[in-house]
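**Student:** I'd like to ask you about the structure that follows.
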Amino acid sequence: MNVPINKLTMIGTGLSALLILLAAFSPWLAPLDPLDQSFIAANQGPTAEHWFGTDSFGRDVLSRVLFGGRISLAIGILAPVLSALAGVWAGMLAGYLGGWTDRVLSRASDLLMSFPTLLLGVMIAAALGPSFQSAVIAIAVALFPRFVRLSRSATQVVRREPFIDASIAAGRGHLSIMLHHVLPNIAGPLVVALSLWIATAIRLEAALSFLGLGAQPPTPSWGNMIRDGMSDLVGDPWPAAFAGAAITLAVLAFNMVGDALRDLLDPETAA
Amino acid sequence: MIGYILRRLLEVIPTVLLVLTLVFFALRIMPGDPAIAALGEFATPDAIARFREKLGLNQPLYMQYFGFIAQSLTADFGTSMNNGAPIGDLLGQALPYTISLALAATSIGIVIGLPLGAMTAVHRDGKLDAFGRLFALIGFSLPDFYFGILLLLVFSLHLDWFPMLGGGKGFFDQLHHLVLPAITLGLVMAAFTMRLTRSSLLEVLKRDYVRTARGKGVAERWVIFKHALRNALIPVTTGMGIYLLTTLSGTITVELVFSRPGLGTLLIGGVSARDYTLVQAGLVVFAFFVVVVNLLTDLLCAAIDPRITLR
Amino acid sequence: MSLLEVTDLAVHLFTNRGVVRAVDGVSFSLDAGRSLGIVGESGCGKTMTALSLMRLIPEPPARIVSGSIRFDGEDVVTMSSPRLRALRGNQIGMIYQDPMTSLNPVFTVGEQIAEAVRLHRHDTRNAAWARAVEVLRLVGIPDPDRVASAYPHQLSGGMRQRVVIGMALACDPKLLVADEPTTALDVTIQAQILELLRRLQGELGTGIILITHDLGVIADLVDDVVVMYAGKLVEHAPVRRLFAAPRHPYTQGLLRSVPSLETREHRLLTIDGTVPPAHAMPNGCRFNPRCALVRDICHEQEPPLVDAGGGTQVACWALT
C-alpha cells in the first residue's frame, strides 16, 4: 500500500502548490484583464484567443478563473488558518485547564458543532452582509468549534503524560508548558485537519459566493463566476463549467494532501 | 422513552433561544436600512416613518427583541418586511419543497451508499473497492451545486429528460422536478455513506464476536449482514445524522441551481432584500431542523445499540 | 479411531516483514471423551493451533500451509465450506479467551445461543430459545430465564464466560476447544470456571482441548499434555508423567516456574531469556539460546520427536 499513498501525496501536494502559484501569479499569467468587457466578443465558447471562452460581458474566462483563484484560495486558506489560531488555543486551554474553562468552551463548541458548516456560514455571512471579510469571518467561525474539539481531545491525552506533571513540578509556567510540550505533541492531527478543512473552506467559499454572500462582483471568485454563469446557462455554460472545475480541482488537491498526511501519521487506520 | 423524548424536546428551547438571540442581534448589525431596502432609495421620509412604525422598528431594541422571541416561540413570524405577506404562509409553501428534497436525497444516499459500502468492505482492495474509492473522491470534491449544474446541463438542457426549473405542479410533475436535485444531493450523500459504512464495517469485521459467529457455523453472508453490519450501523447512524444536516443545508445552494421554491430560495431571497423578519424566520426553522435531526439520530442509535440507555 | 487426529500441521503468517512459521509441524491426537492440554508461553502458536481446528484462523494473514486435521475421519483442512459450517458450533464447540469481546453486543445472549441451535438442529424459534435457557442453567447461571433476555454488557465477565461455554455446548458437541478460557478473568472467577469445566466434562463426556499458558490450570483437568515452544511441539506426555518426570529442558523450566506449596520454595524459578522474535528464529532447535544443555548439533538441526518411555515423546538432542 505504500506506493499509491506516496503517489497520491505527490500528486496532491504538487497540484495544491500549482494552484496556489497560478493564483498568486495571475496578474502576470492572465492573458487579459479579467474586468475588461467587450460586447462584441460576449458569450463565446473556447477559441484560440480565449481558451476558456468569454462570459456574457465578453470578459476572458481564463483570466477570470486565474484571478478568481486568488480570492477563492485566499479565503479558503486564510479562514481555516485564522480559525486554527483561535480554535487550537481555545481547545488547548479547555483540555489543559479542565474545570469551568473546559465546560464553557465545550458546551459552546458543541452547540456550534450541531450546525452544519454551510448553514453557520450562511447565517454569519447573511448577518454581516456580503463581502470578502464576512466570508472569511463566516468560514472561520464555522470551522472554529471543529478545531476546538480536536485540539481539546488531543490535549487531554497529552495532559495525562507524566512529563507534563514533571514540568509543572519543575516550576514551569502553564503557558510555557502548553507552548513547548502540548502544542508540538498535538501538531500532527491538527496539520491533517487543517489541510482537510482548507478543502472544506474552499467549498464553503464557493457556496457562499455562489449564494451571493461572498466576494462581490465585478471582482471574480470561482463561486460568483458560477452565479453569473447561471443567468445564461443555456447560451454560455463555459464560465460556470470552468469555474466549477477549478473549485473541484482545488478541493480534490487539498483533500488528497490531507488524506495522505493522515495515512502517514496514522498508518493503522490507513485505507 | 416518552419521558426521554419530552426531556430532549425541552432541551430544544435553550438552543432555539440562543439561535434566535444570535440571529436577532446579528441581523441588527447588518449594514443598510431595511426600510430603505424595502421602499427604495427615493422613498419619502414620511413613508419610511410609517414603514418603521408598522414593523416596530422604532421601538427600543430590547422591546423588539422580546417581541421577536415571544412571536418566534409561538411560531408567529409576523409578515415579510418587503411585501407584507404573512411569513407563516411563505414558510408553509416553501417547506414541502425542502423537506421532500432532503428526504429523497437521504433515501438515495442510504440505498446506494450502504450496500456499496458493505460490498467494498467485504471485497476489500478489489475492483469494486477501487471504483468506490474514485466515487468517494469525486463525491468529496465536487461541490453539490456545481454537480447540480452539470446534471442540469446534460439531462435538462441537452437530453431534455427533466424540466429545467421550478418545483412543478401536481404530484407527478413535482416528482419529475424532484429527480435531478435529489440525485445531486443524494449521490454526494451516497459517497459519504459508502466511506463511512466501509470503514466502520472493516473495523467491526476484526472484532472477536465476528469470529464467534463464524465459530458457531453461521454462513459468511449472515456473519456480515447480521452480526457485523448491525454493529457497523451504530457509527454509520451517528455520521448519517450529522450528514443529513449537511444535506439539509446543501438544499440552500441546490434549490438556487434548480430554482426550486424551497426554504433556501426563500432565505437567500430574504438576505438579498434585507428582509429581517423573513431571514430570522428562515434561520429559526433551520435551527429547529438541526435540533430535531439530532434528537432523531440519538433515538435511532439507541434503537440499534442496546448499550445506550435513554436517560 | 481417534476423534481428532492432527498430523504435521503448519500454519504460516504472511506479513510484510516476512513469513512467520506460527505453527510448524505439530501432530497430536485425541480419543473421544478424553482431554488434552496444550501449554506454552504467549506467541508459541497454541492459539493458532486451536483456531486451526475449525479453520477459524484470520485469513489473511494466516494460512494452513500443510498437514491435516482429521475430525471423525474427515479432513478439516480440505473440507468444503458447507461441511465446515455444519461442523462449527455443532460437532466442535469453541470457548474463547476474552468473554468481554467475544459476544455480540447488539444481541441478547439467549438469541446468540439459540442461533447456533437453530442453525444445526433446525429447531423452531421457541424450541431453540428453550434450549438456550436449558444450557444457561447447565453452566450454572442463576435465573437463566431472565439472563437469556439480557444483553452481554449487562453481565459480569464470569457470567459472560459461562454464556460462551453454554453457547459452545448448545448442540452437544463431541469436542470442546477452550482457548485460555480463564486468562481474562479474576482469580476467584477463574476457579469457578475451571470447576464448571471439570463438572461438565464428568457429566457430558465431551472431548476437551484446553489451551493455556498456566500449567497449574490443567493439572487435574486433562489426561494428556502437549508442550509447545515457538511453533514447535517439544513434549507430549500423560499429565501425571509430565508433572512427575518432565523431560524437555523447556518443560522443566515451565514446571519450576509454577509456585508450589509442597516444596515450600520461596523463590520462583523462571527460564532465562525470552522467546526469540518470530522473524529471527535461530537455526536448529529453537530453544537453543535459552537452553542449559545446548550442544553443537542443537545449532544445526531441528531435533525430531522421539519416544522417551512412559508414554512421553520429546524433541531434544540432549535426550537422544
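The values are calculated or read from the model by the stated rules, or taken from the named source; none is laboratory data. Just so it is clear, the model here is predicted, and its values are computed rather than measured. Using ideal geometry, Cβ is built from the backbone for each residue, glycine included, and neighbour counts are taken over all protein chains shown. We work out accessible area using only protein heavy atoms, side chains counted, and drop any ligands, DNA or RNA first. Shrake-Rupley method; radii C 1.70, N 1.55, O 1.52, S 1.80 Å.
**Student:** Which residue fluctuates the most in chain B, going by a Gaussian network model with Cα springs under 10 Å, if the choices are B:ILE48, B:ILE108, B:ILE234?
**Tutor:** B:ILE48
**Student:** Moving on to the next point. Go ahead and collect, in residue order, the members of segment C:25-59 whose backbone nitrogen is under 17 Å from a label point 7 Å along the Cα-Cβ direction of C:VAL19.
**Tutor:** Under cut-off, by backbone N: C:25-26, C:59.
**Student:** If you don't mind, another one. What net charge is computed for the residues neighbouring C:GLY284, neighbours being all others with C-beta under 11 Å from the C-beta of C:GLY284, Lys and Arg scored +1, Asp and Glu -1?
**Tutor:** Details: positive: C:ARG286, C:ARG295; negative: C:ASP296, C:GLU300, C:GLU302.
After counting each charged neighbour, the total is -1.
**Student:** From the protein chains alone at 1.4 Å, what is the descending order of accessible area for C:GLU300, A:GLU205, C:GLU134, largest first?
**Tutor:** Greatest to least solvent exposure: C:GLU300, C:GLU134, A:GLU205.
**Student:** Viscosity 1.306 mPa s, temperature 10 °C: give me the Stokes-Einstein translational D for segment B:182-248 in µm²/s, with Rh taken as the Kirkwood radius over C-alpha pairs.
**Tutor:** Translational diffusion coefficient: 123 µm²/s.
**Student:** Next question. Please give the per residue volume of the convex hull enclosing the alpha carbon atoms of segment A:123-271, rounded to a whole number of Å³.
**Tutor:** Value for segment A:123-271: 133 Å³ per residue.
**Student:** Then there is this: Around C:VAL314, under 10 Å between beta carbons, what's the net of Lys plus Arg minus Asp minus Glu among the other residues? Please list the in-between numbers first.
**Tutor:** On the way: positive: C:ARG247; negative: C:GLU235, C:ASP307.
Net of charged neighbours comes to -1.
**Student:** Can you give me the three principal axis dimensions of chain C from its C-alpha atoms, in Å, biggest first?
**Tutor:** 66, 49, 40
**Student:** What percentages, rounded to whole numbers, describe P(r) for segment A:126-167 computed over all alpha carbon pairs with 5 Å bin width beginning at zero?
**Tutor:** Taking all Cα pairs of segment A:126-167, the binned fractions are 5, 20, 16, 12, 11, 10, 8, 8, 5, 4, 0 percent.
**Student:** Say R0 is 35 Å: what FRET efficiency, to the nearest 0.05, do C:HIS279 and A:SER153 get from their beta-carbon distance? Intermediate results must be reported in sequence, preceding the final value.
**Tutor:** Values: r = 36 Å, r/R0 = 1.03.
With a Förster radius of 35 Å, E is 0.45.
**Student:** While we're looking at this one, here's another question. So, in Å, what gap is there between the alpha-carbon centers of segment C:69-86 and segment C:217-237?
**Tutor:** 25
**Student:** OK, next. From the phi angles alone, apply the Karplus equation (6.51, -1.76, 1.60; θ = phi - 60°) to segment B:112-129 and give each ³J(HN,Hα) in whole Hz, x where the residue is Gly or Pro.
**Tutor:** Along segment B:112-129, the couplings run 8, x, 4, x, 5, x, 5, 5, 5, 6, 5, 9, 4, 6, x, 5, 4, 5 Hz.
**Student:** What does the C-alpha gyration tensor say about the overall shape of segment A:52-183? Classify as rounded when a/c is under 1.5, otherwise prolate if a/b is larger than b/c, or oblate.
**Tutor:** It is prolate, given that a/c is not under 1.5 and a/b is the larger ratio.
**Student:** Tabulate in residue order the Karplus-calculated ³J(HN,Hα) for segment C:238-255, using 6.51 cos²θ - 1.76 cosθ + 1.60 with θ = phi - 60°, rounded to whole Hz; enter x for Gly and Pro.
**Tutor:** x, 4, 5, 4, 5, 6, 6, 9, x, 9, 5, x, 5, 4, 4, x, 4, 5
**Student:** What is the gain in length, in nm to one decimal, between C:ASP145 and C:GLU59 on full extension, counting 0.36 nm per residue of separation less the C-alpha to C-alpha distance?
**Tutor:** In short, 27.2 nm is gained.
**Student:** Rounded, prolate or oblate: which fits segment C:1-105 when a ≥ b ≥ c are the square roots of the eigenvalues of the alpha-carbon gyration tensor, with rounded for a/c under 1.5 and prolate only if a/b beats b/c?
**Tutor:** rounded
**Student:** Where does chain A land on the Kirkwood hydrodynamic radius, alpha-carbon pairs, in angstrom? Before the final figure, lay out the partial values.
**Tutor:** Details: mean 1/r = 0.0496 Å⁻¹.
That comes to 20.2 Å for chain A.
**Student:** Still on this model: Checking the table A:LYS7/C:LYS46; B:LYS216/C:LYS232; B:LYS206/C:LYS232; B:LYS127/C:LYS46 against a 32 Å threshold on Cα-Cα, which pairs fail?
**Tutor:** Among A:LYS7/C:LYS46; B:LYS216/C:LYS232; B:LYS206/C:LYS232; B:LYS127/C:LYS46, the Cα-Cα distance tops 32 Å for A:LYS7/C:LYS46; B:LYS127/C:LYS46.
**Student:** Applying 1/(1 + (r/R0)^6) with R0 = 35 Å to the Cβ-Cβ distance of B:TYR4 and A:THR101, what FRET efficiency is obtained, to the nearest 0.05?
**Tutor:** On the way: r = 30 Å, r/R0 = 0.87.
Plugging the Cβ-Cβ distance into 1/(1 + (r/R0)^6) gives 0.70.
**Student:** With viscosity set to 0.890 mPa s at 25 °C, what whole-number translational diffusion coefficient in µm²/s follows for chain B from Stokes-Einstein and a Kirkwood radius over Cα pairs?
**Tutor:** 111
**Student:** A further question on this structure: C:ASP72 versus A:LEU111, label points 7 Å from Cα toward the beta carbon: distance in nm?
**Tutor:** 6.7
**Student:** At a Förster radius of 56 Å, what calculated FRET efficiency corresponds to the Cβ-Cβ distance of B:HIS123 and B:ASP160, to the nearest 0.05?
**Tutor:** FRET efficiency, B:HIS123 to B:ASP160: 0.90.
**Student:** Could you pull the Cα extents of the protein assembly as shown along its three principal axes, largest to smallest, in whole Å?
**Tutor:** 117, 69, 61
**Student:** More than 26 Å apart: what percent of Cα pairs in segment C:166-320 qualify?
**Tutor:** 36
**Student:** Sum up the charges of everything whose Cβ sits under 14 Å from the Cβ of C:VAL147, counting Lys and Arg as +1 and Asp and Glu as -1, but leave C:VAL147 out.
**Tutor:** 0
**Student:** Run through all the Cα pairs of segment B:94-276 and give the fraction in each 5 Å bin from 0, expressed as whole percent.
**Tutor:** 1, 8, 15, 17, 16, 13, 10, 8, 6, 4, 2, 1, 0, 0
**Student:** When the Karplus curve 6.51 cos²θ - 1.76 cosθ + 1.60 is applied with θ = phi - 60°, which whole-Hz ³J(HN,Hα) does each residue of segment C:157-174 get, with x for Gly and Pro?
**Tutor:** Per residue, the Karplus-derived 3J(HN,Hα) values read x, x, 5, 5, 5, 5, 4, 4, 5, x, 4, 5, 8, 4, 9, 6, x, 7 Hz.
**Student:** What is the gain in length, in nm to one decimal, between C:VAL187 and C:GLU300 on full extension, counting 0.36 nm per residue of separation less the C-alpha to C-alpha distance? Mind dumping the intermediate values first?
**Tutor:** Working: separation 113, 0.36 × 113 = 40.68 nm, distance 4.29 nm.
My answer for the length gained is 36.4 nm.
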